[in-house]
Amino acid sequence: MSLMTRRFWVKTALVCAAAAAVASSRPQAAASSSQRAAPFDLLIRNGRVLDGTGSAARTADLGIRDGRITDMGRLGEAAAARVIDAAGLDVTPGFIDVHSHAATGLAGGLKEGRPLLAQGLTTVVLNPDGGGPVDLKMQRASYEQRGIGVNVALYVSHGSIRREVLAMADRAPAAAELDRMVALARAGMQAGGIGLSSGLYYAPGSYAKTDEVIALAKVAAEFGGVYESHVRDESNYTVGVVAAVQEVIRISEEAKLPGIVAHMKALGPASWGLSKTLVANIQQARDRGVDVYADQYPYNASGTSLEAALVPRWAEVGGAAELRKRIDGSARARLAAEMAANLERRGGAKTLVISRYQPDPSLEGQSLDEVARAIGKPPVETAMHLIMKGGAGVVSFNMSEPDIELIMRQPFTMTCTDGDLVPPGQGKPHPRGNGAFARKLRVYVRERGVVDLPFAIRSMTSLPASVYGMKDRGVLRPGAWADVLVFDPAKVRDAATYEAPHQISEGVQYAVVNGVLVKDGDTFTGKLPGKLVVPQR
């Protein structure tokens, strides 16, 4: 061996020895996380992980500490205060309901949100359709002080702001009045609003012109918020559903914020098939850079009030007392004729089922046709009678399955419930509040194959999180908030039906909210780890 060669090998040996000494003095690399001294709070092992992005499942472990996912992969013999073996089960992000009427229930005796958690919901967006309190600061404080079992995001409500400033007047605001509306919207966003919601189908929102809504939507845009709308017409009541969706596109484009067509549908037989036009128009807007989306619940029936379904908006000017005067006064004949036309739009008296009627709960679950026959009055006269007695809620069977499936297949469509959080035994509400997300997985993924599981999970998780600016939510990855579900997709099912709507969903075995186990097998833990979620872009 030459002298040069010997020097080379001696030098190499010295370098390797030094490197080994340095390496032995260092902590173990991240891949050896199982040897860390600090255990996880929760470790979910061996699950089929669907991370929320639409990617296929892969087997992995999740390590959770201090409310967040800290490690993800194959974590060896890592220690944890609690270990869940998810072998043979799916692990997904917690579901996000972008259109929920659960605000009253969460503020009352249902603060744990068990019917929400049972179908996998870990975050709900409240105050949709332009309704809800004007004072978001107070609403937020009520949840934070009492605690809640799920995360919440709060819309600033256009309809409530309009009512606060203009009552039930059918006119445009004066300059000073619009300034006050803008100021109230700004206060709501400053208090943590996720965006602006409108109910342009309902009074008093229906009395607003588009420019008024744009003015308030621009305020939401300043804070990174969204604009969500129960559109002005879901059928052919007034402007028609196609023009109503175009209005959302216009508001989104001019206010420069994400626009969402709430619970998109083509309502009533005369509008069936228009989903093709709606989808095409939204896609064309997206292709030119407008940030517009839709959400949807997976049922062929909607839910609303009898007044909203049948009474023309001119008859609601001035409020409930003025409506009753018109029913009993000289406007009755005109009102009856227009209500009859609206009933026909919905498919007739057999398609409207009474869901809530406090003066006589025995009517709940009966169709308007059945009630009319029982009291011996025509359907429109019966509807007027019920409204005069205080009004009624209805479930309205008015959508076609081909429309539902086409809307669901769009990559811009999110999932929602549009449901209430109602105490058991109270009325016969639409079952969507207890079953929408589970029903989508059972009927439209497992039984019909309309969409596959990764696509459906994305529509419930990462898509809404990205649209709403919910940073570190809707995905499973290190650093994200630990909102996590564990379930067998073959067993998830909606137990709630139209006849028995109070039954909660089945199949979600474990639910975690901000790192805290809130559903543990068949047991709800009673813990209240929910937080307010605000837009972060």
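Numbers at a glance
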read-out	value
Residue count, region 273-291 (criterion: out of contact with any Gly (no Cβ under 9 Å at 6 or more places or on another chain) and either open to solvent by less than 10 Å² (accessible area, probe 1.4 Å) or not charged (D, E, K, R) (or both))	11
Candidates ALA262, ALA255, ALA270, filtered to the one that is aliphatic (A, V, I, L, M), touching a residue at least 40 places away in the same chain (Cβ under 8 Å) and open to solvent by 10 Å² or more (accessible area, probe 1.4 Å)	ALA270
SER206 vs. criteria of a type outside the set (A, V, I, L, M), open to solvent by less than 10 Å² (accessible area, probe 1.4 Å) and out of contact with any Pro (no Cβ under 7 Å at 6 or more places or on another chain)	no
Cβ-Cβ under 9 Å pairs, at least 6 apart or on other chains, region 453-468 side open to solvent by 30 Å² or more (accessible area, probe 1.4 Å), far side in a helix (DSSP H, G or I)	LEU453/LEU441; LEU453/VAL445; LEU453/ARG446; PHE455/VAL445
Residues located in region 229-253, provided they are more than 26 Å from GLY419 (Cβ to Cβ) and either of a type in the set (Asp, Glu) or not in a loop (DSSP other than H, G, I, E, B) (or both)	VAL242, ALA243, GLN246, ILE249, ARG250, GLU253
Within region 209-248, tally of residues that are under 17 Å from ARG180 (Cα atoms) and surrounded by 24 or more Cβ atoms within 10 Å (Cβ to Cβ)	5
Those residues of region 52-68 which are within 14 Å of PRO39 (Cα to Cα), open to solvent by less than 20 Å² (accessible area, probe 1.4 Å) and assigned to a loop (DSSP other than H, G, I, E, B), in sequence order	GLY67
Residues being part of a helix (DSSP H, G or I), free of Cβ contacts under 8 Å to residues at least 24 places away in the same chain, open to solvent by 30 Å² or more (accessible area, probe 1.4 Å) and over 17 Å from TYR498 (Cα atoms) - total across region 348-380	3
Residue that is farthest from THR122 (Cα to Cα), among those in region 149-204 that are part of a helix (DSSP H, G or I) and acidic (Asp, Glu)	GLU177
Residue among ARG186, ARG180, ARG162, ARG171 that alone is open to solvent by less than 10 Å² (accessible area, probe 1.4 Å), basic (Lys, Arg) and over 30 Å from ASP520 (Cβ atoms)	ARG162
Tabulated pairs, region 104-122, first closer than 12 Å to VAL518 by Cβ, second at pLDDT below 95 and open to solvent by less than 40 Å² (accessible area, probe 1.4 Å), C-beta under 9 angstrom, 6+ apart or interchain	none
Residue in region 419-440 that is farthest from PHE487 (Cα to Cα), counting only those that are open to solvent by 10 Å² or more (accessible area, probe 1.4 Å) and touching a Phe, Trp or Tyr at 6+ places or on another chain (Cβ under 9 Å)	GLY427
Index of the failed condition, ARG114 passing every other in (1) farther than 13 Å from ILE148 by Cα; (2) touching a Phe, Trp or Tyr at 6+ places or on another chain (Cβ under 6 Å)	(1)
Breaking point among (1) within 30 Å of the chain's Cα centre (by Cα); (2) closer than 25 Å to GLU247 by Cα, for GLY319	(2)
Matching residues in region 511-537 - criterion: being hydrophobic (A, V, I, L, M, F, W, C) and either open to solvent by less than 30 Å² (accessible area, probe 1.4 Å) or under 13 Å from MET470 (Cα atoms) (or both)	ALA511, VAL512, VAL513, LEU517, VAL518, LEU532, VAL533, VAL534
One residue from ALA500, ALA480 being aliphatic (A, V, I, L, M), in contact with a Lys or Arg (Cβ under 9 Å, 6 or more places away or on another chain) and either within 19 Å of VAL124 (Cβ to Cβ) or open to solvent by 50 Å² or more (accessible area, probe 1.4 Å) (or both)	ALA480
Positions within region 254-298 being outside any helix (DSSP H, G or I) and among the hydroxyl-bearing types (Ser, Thr, Tyr), in sequence order	TYR293, TYR297
Matching residues, region 431-473, being more than 20 Å from ARG493 (Cβ to Cβ), of a type outside the set (Gly, Ala, Ser) and not in a loop (DSSP other than H, G, I, E, B)	ARG458, LEU463, PRO464, VAL467
Region 299-347 - residue that is crowded, with 21+ Cβ neighbours inside 10 Å, in a loop (DSSP other than H, G, I, E, B) and touching a Leu at 6+ places or on another chain (Cβ under 9 Å) and, of those, modelled with the highest pLDDT	VAL311
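Residue by residue, here is whether (1) open to solvent by 40 Å² or more (accessible area, probe 1.4 Å); (2) at positive phi; (3) in a loop (DSSP other than H, G, I, E, B) holds:
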{"residue": "THR70", "(1), (2), (3)": "yes, no, no"}
{"residue": "ALA81", "(1), (2), (3)": "yes, no, no"}
{"residue": "ILE84", "(1), (2), (3)": "no, no, no"}
{"residue": "HIS99", "(1), (2), (3)": "no, no, yes"}
{"residue": "LEU116", "(1), (2), (3)": "no, no, no"}
{"residue": "VAL125", "(1), (2), (3)": "no, no, no"}
{"residue": "TYR143", "(1), (2), (3)": "no, no, no"}
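The values are calculated or read from the model by the stated rules, or taken from the named source; none is laboratory data. Note that the structure is predicted; figures quoted are calculated from it, not measured. Reconstructed Cβ throughout: ideal geometry from the backbone, glycine too, with neighbour counts over all protein chains shown. Side chains included, ligands, DNA and RNA excluded: accessible areas come from the protein's heavy atoms. Shrake-Rupley method; radii C 1.70, N 1.55, O 1.52, S 1.80 Å.
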